[in-house]
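Asker: Below you will find the structure I want to go over with you.
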Amino acid sequence: MTKKANRYRSEPILLMVTPEERNQIIMNKQVAGLGTMSNYIRLMALNGRVIKIDFTSLKESLAETGKYVYELNKIGNNINQIAHKLNQTDIVEKEDVEYLVSEFVKIQSNYIKAQEVLLQEIQKLTRSE
């Protein structure tokens, strides 16, 4: 019993419902995606509604950023190779530098496009509330 005494929410509320009402509440809780009945009933009682946002489209958009991280890692490896070469010989090929600059510009452009897509997805999600 000492565990219950130390709980943040220590005041119980008893609610009587019919079996049909109970089944409807359980189905609503499942649709809302909340783990426990207590959380569902508390949110409904305090806020009057439970908002469920589907983040699948945002997750798909975020998957694009993984590609850009991969590309940035490749550029980082190229920079390290050029730095290593420079440390050994004090000579850097002009083509190496031009290649890195062009790759960086491509990545930067793609990153800006990805940001715009993510912002659009976030705006769609927030408007659907």
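Asker: Counting Lys and Arg as +1 and Asp and Glu as -1, each charge on the Cβ, what is the dipole of the chain about the Cα centre in debye, to the nearest 20?
Answerer: Working: 18 positive and 16 negative charges, 229 e Å.
So the dipole magnitude of the chain works out to roughly 1100 debye.
Asker: Would you work out which of V117, I82, L15 lies farthest towards the positive end of the dipole of the chain, given +1 charges on the beta-carbon of Lys and Arg and -1 on that of Asp and Glu, about the Cα centre?
Answerer: The listed residue farthest towards the positive side: L15.
Asker: If you don't mind, there's one more thing I want to ask. How large are Rg and Dmax for the range 26-77 when only the alpha carbon atoms are used, in Å?
Answerer: According to the Cα coordinates of the range 26-77, Rg and Dmax are 18.8, 55 Å.
Asker: Note the listed values [x] 1.94; [y] 1.13; [z] 1.02, then indicate which one is Cα Rg over 2.2 N^0.38 Å calculated from this particular structure.
Answerer: [x]
Asker: Report, in debye and to the nearest 20, how large the dipole of the range 37-79 comes out about its Cα centre when Lys and Arg carry +1 and Asp and Glu carry -1 on their Cβ.
Answerer: Numbers: 6 positive and 4 negative charges, 47 e Å.
It comes to approximately 220 debye.
Asker: Calculate, in nm to one decimal, what Q88 and I75 gain on full extension: separation in residues at 0.36 nm each, minus their alpha carbon distance.
Answerer: Numbers: separation 13, 0.36 × 13 = 4.68 nm, distance 1.99 nm.
Full-extension gain reported as 2.7 nm.
Asker: Can you give me the three principal axis dimensions of the range 72-129 from its C-alpha atoms, in Å, biggest first?
Answerer: Here the spans come out as 60, 15, 11 Å, largest first.
Asker: Return the aspartates and glutamates within reach of K106: Cα separation strictly under 13 angstrom, same-chain partners fewer than 8 residues apart disregarded; answer none if there are no such residues.
Answerer: Result set, ordered by chain and number: E71, E98.
Asker: Using a probe radius of 1.4 Å on heavy atoms only, what accessible surface per residue do you get for the chain? Whole Å² is fine.
Answerer: Details: 10940 Å² over 129 residues.
Accessible area per residue, the chain: 85 Å².
Asker: Could you give the nm distance between label points at Y68 and D54, where each point is 7 Å from its Cα heading toward the beta carbon?
Answerer: 2.6 nm
Asker: Please turn the phi angles of the range 113-119 into ³J(HN,Hα) values with the Karplus equation 6.51 cos²θ - 1.76 cosθ + 1.60 (θ = phi - 60°), one per residue in order, whole Hz, x for glycine and proline.
Answerer: Here the 3J(HN,Hα) series is 4, 5, 4, 4, 5, 4, 4 Hz.
Asker: Using the charge dipole of the chain (Lys, Arg: +1 at Cβ; Asp, Glu: -1 at Cβ; taken about the Cα centre), state which of V105, V92, L46 has its Cα farthest towards the positive end.
Answerer: About the Cα centre, the residue reaching furthest to the positive side is L46.
Asker: Measure off, as a whole percent, the carbon and sulfur share of the 1.4 Å-probe accessible area of the range 1-123, all protein chains present.
Answerer: Looking at the range 1-123 in its full context, I get 57 percent from C and S.
The values are calculated or read from the model by the stated rules, or taken from the named source; none is laboratory data. Keep in mind the model is a prediction, meaning the values are calculated, not measured. Note that we place each Cβ from the backbone using ideal geometry, even for glycine, and neighbour counts take in every protein chain shown. Ligands, DNA and RNA are stripped out before the accessible areas are found, and what is left, the full protein with its side chains, is counted by its heavy atoms. Shrake-Rupley method; radii C 1.70, N 1.55, O 1.52, S 1.80 Å.
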